[in-house]
Amino acid sequence: MTATVRLGLMAIFVATGLAGCGGRDAFWSSPLDSAPPAFGLPGAVALVDTGATRVVLLTPGPDQSLTSTSIPVGPNILNAVASPDGKKLFVVSGGHRGGIGDARPNEPPSLTVIDPSQTNPAQKYLLKTLTDPLAGLAIDPGGHWVVLYAGSGTSQPFVSNPNELVILDVTQPPNSAAPITHTLMSFGGRPERFTFTRPLQLPTGLHPLLVVESDQGLSLLQLEHPEIAEITVPLTNAADTRLLTPAGIAVDVGDATDGARIGIRLANDSDVVTLQFVLQPGADLATQNGFVPTVNLTDVGGIASDLAFVHTDGGLRLAALVPGLSKDTLI
């Protein structure tokens, strides 16, 4: 952000009565970003002002008027991501942990959800259970769940456990939402992609899953019960001992007749993996998932670039696109 833009924002605050008289706030002298992150939301533009640890909402009004709303989001802004539908902004702040002689009070990491359509546009969730801030954000397209994880960008602080996740139900108000910390079983990999499924027809009923792809396997986690251990699916080929790397998935929710299926394409093998689910007899559903996946591998003759479940005259099939062979294979 240039000094001219900052002065322009300052003028807006004065015009709307948001900038009070008196002493000059310290953040006006802080270093300015050359290009502050800006997000177009329905009915407003959100500017992330890292120097002032806030988000400024600019809302147009009648007669070309402009209203600004300053939303404090906490110190040490690590990441800001718009929701998949573009209606909300999610901002992660690392908080402040004071050292010896630091008179500034400690503040825990937090997640602020900004929705301009609401009278109170911001909800701030304190993440007091975090030992280290997490900068990565995965957002459920349905607007229900958010997962924080150890990102790989320059804003990610040092994190000793790259498989730590924090799962938060953002349909609950901040005073009743309980962030749940979950550590994935690791075989040396780290999460790379997250998929939030719709409720799947599983042997225990309809449940949404979080599918986590790492560079060495796949994990399935019940979003409604993230305290239950995940199901880890190591991806190996019986022909050799290589660890196979998932490159993307396809999901079929299933129905009462045929249960859900998950298809997995691989980055380093011509096999395509299909998961189906069977009941786990005698499982305690309070502490166990109650279902396990069965794994099937099909060689499609080359590295698949895309997958999709399709309905054909012969029933449900998994279609794998193989550019190297210029063909589409039905499984």
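The values are calculated or read from the model by the stated rules, or taken from the named source; none is laboratory data. Computed from a predicted structure; not experimentally measured. Neighbour counts run over all protein chains shown; Cβ positions are idealised from the backbone, glycine included. Calculation scope for accessible area: heavy atoms of the full protein, side chains included, ligands and nucleic acids excluded. Shrake-Rupley method; radii C 1.70, N 1.55, O 1.52, S 1.80 Å.
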Review point. If the chain between residue 106 and residue 280 were fully stretched, how many nm would it gain, using 0.36 nm times the residue separation less the Cα-Cα distance?
Key: 58.0 nm
Review point. At 222 nm, what helix-only mean residue ellipticity would the chain give, in deg cm²/dmol to the nearest 500, using -39500 (n - 2.57) for each DSSP H run of four or more?
Key: -1500 deg cm²/dmol
**Study point:** In range of the label at residue 312: residues from region 242-283 whose backbone nitrogen is under 18 Å from the point 7 Å along Cα→Cβ
**Key:** 250-252, 261-265, 271-275
Review point. Mind checking the angle between helix 3-16 and the chain's longest principal axis? C-alpha axes, 0 to 90 degrees, to the nearest 10.
Key: 70 degrees
Exercise for review: Run down the lysines and flag those whose C-alpha is under 16 Å from the C-alpha of residue 88, throwing out any fewer than 8 positions away in its chain.
Suggested key: 124
Exercise for review: State the label only: which of (i) 23.1; (ii) 24.0; (iii) 21.8 corresponds to mean projected area of the Cα convex hull in nm² computed from the shown model?
Suggested key: (i)
Point to revise | Amide hydrogen neighbours beyond the local backbone of residue 73, cut-off 5 Å, H modeled | key: 54, 55
Review point. Carbon-plus-sulfur fraction of the accessible area of the chain, 1.4 Å probe, in percent?
Key: 54 percent
Exercise for review: State the extension gain, in nm to one decimal, for the chain segment bounded by residue 294 and residue 224, taking 0.36 nm per residue of separation less the distance between their alpha-carbons.
Suggested key: 23.0 nm
Point to revise | Per residue solvent-accessible surface (Å²) - the chain, probe of 1.4 Å | key: 49 Å²
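Which length gain, in nm to one decimal place, applies between residue 330 and residue 267 when the Cα-Cα distance is subtracted from 0.36 nm times their residue separation? All intermediate terms of the calculation are to be shown ahead of the outcome.
On the way: separation 63, 0.36 × 63 = 22.68 nm, distance 1.88 nm.
Extra length available between residue 330 and residue 267 comes to 20.8 nm.
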Check your understanding: What shape does region 59-199 take by its C-alpha gyration tensor, where a ≥ b ≥ c are the square roots of the eigenvalues and a/c under 1.5 counts as rounded, a/b above b/c as prolate, and the rest as oblate?
Key -> oblate
